[in-house]
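The values are calculated or read from the model by the stated rules, or taken from the named source; none is laboratory data. Model, not experiment: these values are computed from the prediction. As a convention, Cβ positions derive from the backbone with ideal geometry for all residues, glycine included, and neighbour counts pool all protein chains shown.
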There are 2 protein chains.
Amino acid sequence: MDWHGPFIAVDWGTTNRRAWRIAADGTVEDSLSDSGGITSVPAEGFDAEAADIRARLGDLPMLLGGMIGSDRGWRNVPYVPCPADPQALAAGICWIDPRTGIVPGVCQRDAQAPEVMRGEEVQIIGGLASGPLRGDSLVCLPGTHAKWVQIDAGRIARFATWMTGEVFALLTRHSILAPLLEGEAAPGAGFAAGVAASADGDPLGHLFALRAGAVLGIPRSDPASYASGLLIGAEVRAASARFATRSGGTAPYLIGRPDLGVLYAAAIAQVHSAALPPGHIIGGETAFREGIRAIIRELA
Amino acid sequence: MDWHGPFIAVDWGTTNRRAWRIAADGTVEDSLSDSGGITSVPAEGFDAEAADIRARLGDLPMLLGGMIGSDRGWRNVPYVPCPADPQALAAGICWIDPRTGIVPGVCQRDAQAPEVMRGEEVQIIGGLASGPLRGDSLVCLPGTHAKWVQIDAGRIARFATWMTGEVFALLTRHSILAPLLEGEAAPGAGFAAGVAASADGDPLGHLFALRAGAVLGIPRSDPASYASGLLIGAEVRAASARFATRSGGTAPYLIGRPDLGVLYAAAIAQVHSAALPPGHIIGGETAFREGIRAIIRELA
C-alpha cells in the first residue's frame, strides 16, 4: 500500500466527525465536518460510511482516530499502554483492509489510577511532530473529559482525566442552577471571579451561592462564566499540583477546541500568575492532521 | 388563638411532605407522609391541601416549615437574616390566618457568600431545644443541598451549602458513569476508598477512573459507594476547613435522613480519625417536630 501520496485523515468522535484529504506535503485539499459521530451509526453501518467519506473526498488510503476505535465504533481496537510513541501507535493500528486503518488509543493500566484516551494521542503526536510541543512537557486537552498528559522524552508517559466539561454540562442542563446558567461561558470578570473562588479547591461548595444570591436579590453577574471559572479553575489547580514534580513548573501546553482553549488559557494564566507563552496554544484540528501524518511516516 | 393544646406540624418540601398531630407534651398522636411536595400542587391549590391535612389529622392550629414558604409555595415568606434564633423565627411567621402560619427560612445576606435555607432552621432549633445540639457547635444537614451551619450562643450564625447530593444524583442519572453507578451507596470498603481518595480535594479528577478501570478490565468494586465517598469526603474536608476556626475543632453534629446520615457519619469519622460521639446524630423528623414546638413556645 502506498502511504507516500495523498490520504484521508478522519477524526471520528462520539457525536461529531471531521475528515480531510491531505496532500503528501501536508496541504489540506478538501474536508468535511458533520454530526455523524459513532453513536449515529449502526454497528453494521461503518463500511458504508467509510465508502461515503471516500466518495466525497477521494478514493485514497484512510487513517482514522478517536472513538471510532472503541467498543461502540467500527472495531474495538486494543489500547497501547503508556509510555506510548508514534512507533507504538503505528504498530497498534487495526487494519480494516490494507488501505483503511484505525489508530489505537492509549491506556494507563494502573489499578489506582486507570486511564484511557482515544483521539487525544493523535493530537499529542501531531503537536510533537510539528514543533510547538516540547518532548518533555505537560499538555492539557480540554473537552467533555479533559485530559492532562505528561510527555517524557517525546512519549505519552502518564495522564489523568477530569470530568469538568461533563459536570458543567449536567449543571447547565439538569440542575437547580440551570435557569441561571444560560448563555455561553466567556473569559472576563465573571470567569476570573470563579477561578479566584476555586482557590480553596472546593467548587461544589460555591455553586449554590449563585442561586442564593439570585433569590436574595444580590445576583452575581455572568453566573455561567463564574461557574465555568470555578470548575476549570479547580481543575487547573488540581492538575498543576498532581503533575508539578514532573513538569518542573513550566507552563503547560493547550491542545483543542478554540472556545474551550481560551477559557483554559485564562484560568492557567490566572492560577500561575503568568500568561501562557506564545506557541503554547495549539489548534486541535491541525494537531490531529499532523499526528496522522506522523504516524503515516512510521508506515513507510 | 390557643397554641397551648395539640397542634399540627408540617414539613412541606419540594417533592415530599410530612405532617404530624402533636399533643401539648410533644407526643405524636397521628401523622401522614406522602409525595405531595410543593411542585405537585398548583399555586391556588394550597388552601385545599391544608384543609385536607386538617381533615386527616384534626381541625387544629397548624405551623408549617420548608419550601412551602418559598416563591413556588403557598406564600413567599421573607427570610430571617443571620444570626437567627427561635424568637426571630416566631416573629417572622407568615400568618395565612390566625391558626395557620408558615415559619420563615434563614438567609445570609453576604454578597461574597450568599446563602438561604428553608426547613433546616426548624430542625436546628429543635436540636437545640431538645438537648442533643449544643449552643456553640457545627451542624451538618445532609441532603440534595447539604448545609453546614455554625451555631453561636444558640443562634444560627453562619452557614454554607454544598451541592454534593444533587451532583451525585446528576452523575447517577445522566453522566457517562450512570451505568456504573447503579445501586445504593453504602458505608464500607468502597465508600472508605472514595473518602481516602478525596484527600487531595479533587473529586472531579478521580471519577473518570471508574469508567477507565471498567473499560480496562480492572474495575473498582462498589463504584457507587466509591463515587459517593469521593464527593461526601471532599465536602466534609472542605466544610471542616471552612468552619474550623469557629467550631474549635470539636466534632460536628448531624441532623437529617438516616440513609445519608450513616454515610456522612462514616466520612466524618474517617476524615477526623474519630467516630462521632454518642448523641451527635440527630433524627431529622424528631428535630423538626421539636423545632416547631420550640417556636410555638415563643407564641405563648
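Computed quantities for the displayed model
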read-out: Given (1) more than 15 Å from residue A:99 (Cβ to Cβ); (2) under 25 Å from the mean Cα position of the chain (by Cα); (3) assigned to a helix (DSSP H, G or I), number of the condition residue A:45 does not satisfy; value: (2)
read-out: Single unsatisfied condition, residue B:167 versus (1) facing another protein chain (nearest Cβ under 10 Å); (2) surrounded by fewer than 22 Cβ atoms within 10 Å (Cβ to Cβ); (3) modelled with pLDDT of 95 or more; value: (2)
read-out: So residue B:122, is it in a loop (DSSP other than H, G, I, E, B), more than 10 Å from chain A (Cβ to nearest Cβ), of a type in the set (Val, Ile, Thr) and in contact with a strand residue (DSSP E or B) (Cβ under 8 Å, 6 or more places away or on another chain); value: no
read-out: Of all residues in the range B:248-294 being under 22 Å from residue B:25 (Cβ atoms) and among the hydrophobic types (A, V, I, L, M, F, W, C), the one that is surrounded by the fewest Cβ atoms within 10 Å (Cβ to Cβ); value: B:294
read-out: Residue among A:233, A:284, A:256, A:217 that is at pLDDT 90 or above and either closer than 30 Å to residue B:80 by Cα or of a type in the set (Asp, Glu) (or both); value: A:217
read-out: Cross-chain or 6+ apart pairs with Cβ under 7 Å, the range B:190-211 first and under 16 Å from residue A:201 (Cβ atoms) and assigned by TED's automatic domain parsing to the domain that holds residue B:176, then of a type in the set (Ser, Thr, Tyr) and part of a helix (DSSP H, G or I); value: B:204/A:164
read-out: Residue in the range A:271-281 that is closer than 29 Å to residue A:67 by Cα, of a type in the set (Val, Ile, Thr), at pLDDT below 95 and under 23 Å from the mean Cα position of the chain (by Cα) present; value: yes
read-out: The range A:200-228: number of residues that are more than 11 Å from chain B (Cβ to nearest Cβ) and either closer than 24 Å to residue A:239 by Cβ or touching a strand residue (DSSP E or B) at 6+ places or on another chain (Cβ under 6 Å) (or both); value: 4
read-out: Residues within the range A:125-147 that are surrounded by 24 or more Cβ atoms within 10 Å (Cβ to Cβ) and within 14 Å of chain B (Cβ to nearest Cβ), tallied; value: 5
read-out: Some residue of the range B:107-117 being within 14 Å of chain A (Cβ to nearest Cβ), touching a Lys or Arg at 6+ places or on another chain (Cβ under 6 Å), assigned to a loop (DSSP other than H, G, I, E, B) and free of Cβ contacts under 8 Å to residues at least 40 places away in the same chain; value: no
read-out: Lone unmet requirement of (1) modelled with pLDDT of 95 or more; (2) in contact with a strand residue (DSSP E or B) (Cβ under 9 Å, 6 or more places away or on another chain) for residue B:16; value: (1)
read-out: Number of the exception - residue A:143 against (1) at pLDDT below 95; (2) out of contact with any helix residue (DSSP H, G or I) (no Cβ under 7 Å at 6 or more places or on another chain); (3) closer than 18 Å to residue A:252 by Cα; value: (2)
